[in-house]
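Derivation of every value follows stated rules applied to the coordinates shown; laboratory data play no part. Remember, predicted model here, so these are calculated numbers, not experimental data. So basically every Cβ, Gly included, is an ideal-geometry build from the backbone, and we count neighbours across all protein chains shown.
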Amino acid sequence: MTLIRIENLKKHYVSGDETVEALRGVDLAIEAGEFVTIMGQSGSGKSTLLSVLGGMNHPTAGTVEMAGIQLYELPGERLADFRAVNLGFVFQSFHLIQYLTALENVMLPLAIIKMKKAEKLQAAMEALERVGLAGKADRLPNQLSGGEQERVAIARAIVKKPPILLADEPTGNLDTKTSEEVMELFRRLNDEGQTVVMVTHNPENCAYADRSIHLRDGVVAEERKAAAIARSAA
Amino acid sequence: MKLHTISINNLRRRKAKMAFLTIGLMVGIATIVTLVTLTTSMSSDIGKKMDEFGANILIMPQSNDLSMSYGGISLGRVTFDQREIRQEDLVRITTIKNSKNVLAVSPKVLGGVRLGGKDALLVGVDFDSELKMKQWWRVFGEVPKKEGEVLLGSTAADSAHLTPGDTVQVAGKPFTVAGVLEQTGSQDDSLVFMPLAGAQKLLGKEGRITLVEVAALCSGCPIGDMVVQIAEKLPEAKVTAIQQVVESRLKALDHFRRFAYAVAGVVIFIGSLIVFVTMMGSVTERTTEIGVFRAIGFRRGHIMRIILLEAALVSLLAGVLGYAAGMGGAKLALPFMAESKDAALVWDTTVMAGSIALSLIVGMLASLYPALHASRMDPTEALRAL
């Protein structure tokens, strides 16, 4: 089942007298349960594509359909509600709230939904267990390593069990070993049925994905399936 | 985890900034509380004085008089058509609308007499009312309780060499000196006081009154209205308010009150600017955080609630501390500002509730734009990484 469908997506930025065409007509379809990486050099438009997918960046033209809903036709705050229910975000710099513990950071998306305190606590602890950090629930972000912070960010993204997980350079600030652990985690989540769309500049991360999409100058330049990725890695 | 958890934890983390914010607002509230409490306490002090010290309404018979002058030389005033007040009419004073503000009604009859061979002014009074009105009187001996007894002013007693227990001839009749007044520094020092009925009989003015002094509880009463109300009840009398001194004090206090409110306005404006600038700084500092909130599905309203809740908590604290500090300041300043040394500080729950409410209103209003600004942040711009 196609979960995400993008058609003729364009995004232009106006900078002074200059118009920058970040996306110049992207067509893409992502199936439910798929693990897709988006590769490309700086300025290729991959981060713009992810922000448009995340419902935070209105496209200049084209459509984004998610779970059968035309994302940018949603009125007003319904887009925020859509994000709250359907999307989980993992950021490059983790973006954990420094004054909240790991557990509270994970509970953050639950702050705006009606749910009993005990249920919120249970959901957050389950998410922390899934990323292997149940024992560090009461630590503040600055008491955690980079890899642990990334895993807290992942737990925060999955705590509401959203159908789609969007990740922006999740290993960008991590060493090789920790990067592998985080990618293993994403792979495991995907094996459990989680759809993952990840922007990365690291070709090694593509080995964990079902499909890798290469953007160049705002258009899809190449698509590789898992088998091809494995051959390439070998 | 609820939205208020985020607000409270953020306040805990940014202790220095929030302390600065609290102090900024607290100073404004404390200034207002100090000034309001000072003016209220000073008004109360003056009002208390009015209540305690003497008459503030004078009732005299109507009379027509002319100012006489000839060749540029003033010959004084000539009174004709002198009328009188009947004692039985005085009961009407108790029927005026503001009768609850009447502390004491003291009728008097006056007349010239010979006291031990010297001329003196005899005043017949109702001692119960007179003592209620002149609480500063100190009597050596006793206050006259029956006919045949007099109370002498200190000068009158000295000049006739009389002390309590002596007998003295008043208008040719023997009277016992029941008591002598301690020196008051007023006209009372040279007067001879005796019970009203006895004086009326001695002066041949039974049932008639020369003048009436009324003490009104005037810390809050409309004395002007009371004068009009009494004049309506006693059309044959001339009713005047003796309040020039008090009025001038109240006028000065009114000027101080206006000045105080102007100062308070400026201080609270500066306080609100501090809140505004600090909250804007806080919002800018938290740009990424707000971007995260928006990215994970927080509505604009949620962001506003977080910011305004923080403002409300800080304002509430500033209001409570500001009230406490303001009352402390007023307590310290009152002895230097009030006329009497024992002026009491007025603890008014309205001031307490008002100062907390004002702090909340100012804090929330000053934070409204920063909250709106935060809620309107573009999550992509806020996060940049995406």
> Once both labels are modelled 7 Å past Cα along the beta-carbon direction, what's the A:ALA118-A:GLN98 spacing in nm?
Replying inline: 3.7
>> With n ≥ 4 as the cut-off for DSSP H runs, can you work out [θ] at 222 nm for chain A, using -39500 (n - 2.57) per run divided by the number of residues, rounded to the nearest 500?
In response: -9500 deg cm²/dmol
> How large is log10 I(q)/I(0) at q = 0.24, 0.33 Å⁻¹ when the Debye formula is applied to the Cα atoms of the stretch A:89-132, each weighted equally and without solvent?
Replying inline: -0.92, -1.24
> Taking every residue in A:107-115, how many Cβ atoms of other protein chains lie within 10 Å of its Cβ, on average?
Replying inline: 5
> Between their Cα atoms, which of A:LYS10/A:LYS177; B:LYS100/B:LYS238; B:LYS251/B:LYS331; B:LYS108/B:LYS145 are more than 28 Å away from each other?
Replying inline: A:LYS10/A:LYS177
> Quick one: which of A:LYS46/A:LYS120; B:LYS146/B:LYS173; A:LYS160/B:LYS17; B:LYS97/B:LYS134; A:LYS117/A:LYS161; A:LYS46/A:LYS225 span more than 23 angstrom between C-alpha atoms?
Replying inline: A:LYS46/A:LYS120; A:LYS160/B:LYS17; B:LYS97/B:LYS134
> Where does helix B:349-375 land angle-wise versus the long Cα axis of chain B, in degrees 0 to 90, nearest 10?
Replying inline: 20
>> Nearest 10 degrees is fine. How inclined is helix B:244-285 to the longest principal axis of chain B, computing both from alpha carbons?
In response: 10
> In percent, how large is the relative contact order of the stretch B:56-241, given Cα pairs closer than 8 Å and 6 or more residues apart?
Replying inline: 34
> Given Cα pairs under 8 Å that are at least 6 residues apart, what percent is the relative contact order of chain B?
Replying inline: 29
> Per residue of A:73-83, how many C-beta atoms from partner chains lie within 10 Å of its own C-beta, taken as a mean?
Replying inline: 3
>> With N set to the number of residues, divide the alpha-carbon radius of gyration of the protein assembly as shown by 2.2 N^0.38 Å and report two decimals.
In response: 1.74
> Rounded, prolate or oblate: which fits the stretch A:4-84, taking a ≥ b ≥ c as square roots of the Cα gyration tensor eigenvalues, rounded meaning a/c under 1.5, else prolate when a/b beats b/c?
Replying inline: oblate
> Which angle between 0 and 90 degrees, to the nearest 10, do you get for helix B:300-337 versus the longest principal axis of chain B when only C-alpha atoms count?
Replying inline: 30
> If you average 1/r over all unlike Cα pairs in chain A and invert the result, what Kirkwood radius do you get in angstrom?
Replying inline: 18.2
> Per residue and in cubic angstrom, what volume does the convex hull of the Cα atoms of the stretch B:268-336 have?
Replying inline: 87
> Taking the simple approach of a point 7 Å from Cα along Cα-to-Cβ for both A:LEU140 and B:LEU316, what is their distance in nm?
Replying inline: 2.4
>> Run the simple label-point estimate for B:GLU142 and B:ALA16 please: 7 Å along Cα→C-beta, distance reported in nm.
In response: 8.0
>> I need the calculated FRET efficiency for the pair B:ALA231 and B:VAL91, taking r as the beta carbon distance and R₀ as 25 Å, to the nearest 0.05.
In response: 0.95
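For chain B, what is the calculated [θ] at 222 nm in deg cm²/dmol (nearest 500), taking -39500 (n - 2.57) for each run of four or more DSSP H residues and dividing by its residue count?
Mean residue ellipticity at 222 nm (helix-derived): -18000 deg cm²/dmol.
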> Any idea how far the Cα center of the stretch A:99-155 sits from the one of the stretch B:87-159, in Å?
Replying inline: 86
> Per residue of B:296-308, what is the mean number of Cβ atoms on other protein chains within 10 angstrom of that residue's Cβ?
Replying inline: 5
>> In whole Å, what are the extents of the stretch A:111-187 along the principal axes defined by its C-alpha atoms, from largest to smallest?
In response: 40, 28, 17
> Going 7 Å from the Cα of B:ASP158 toward and past its Cβ, which residues in the stretch B:183-211 have a backbone nitrogen under 20 Å from where you end up?
Replying inline: B:183-193
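Set the Förster radius R0 to 30 Å, insert the Cβ-Cβ distance between A:HIS201 and A:THR60 as r into 1/(1 + (r/R0)^6), and round the FRET efficiency to 0.05.
Details: r = 25 Å, r/R0 = 0.82.
Computed FRET efficiency for A:HIS201 and A:THR60: 0.75.
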>> Among A:89-100, A:211-222, how do they line up by average Cβ neighbours within 10 Å per residue, starting with the highest?
In response: A:89-100, A:211-222
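What is the calculated FRET efficiency for A:GLU126 to A:VAL85, with r their C-beta to C-beta distance and R₀ = 25 Å, to the nearest 0.05?
0.85
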>> Checking a compactness column here: for chain B, what do you get for Rg(Cα) / (2.2 N^0.38 Å), N being the number of residues?
In response: 1.58
>> Using Cα-Cα distances under 8 Å and only pairs 6 or more residues apart, what relative contact order does chain A have, in percent?
In response: 28
> Based on the Cα coordinates of the stretch B:56-241, what is the per residue volume of their convex hull in Å³?
Replying inline: 149
> Based on DSSP, what percent of beta bridges with both residues in chain A are antiparallel, to the nearest 5?
Replying inline: 60
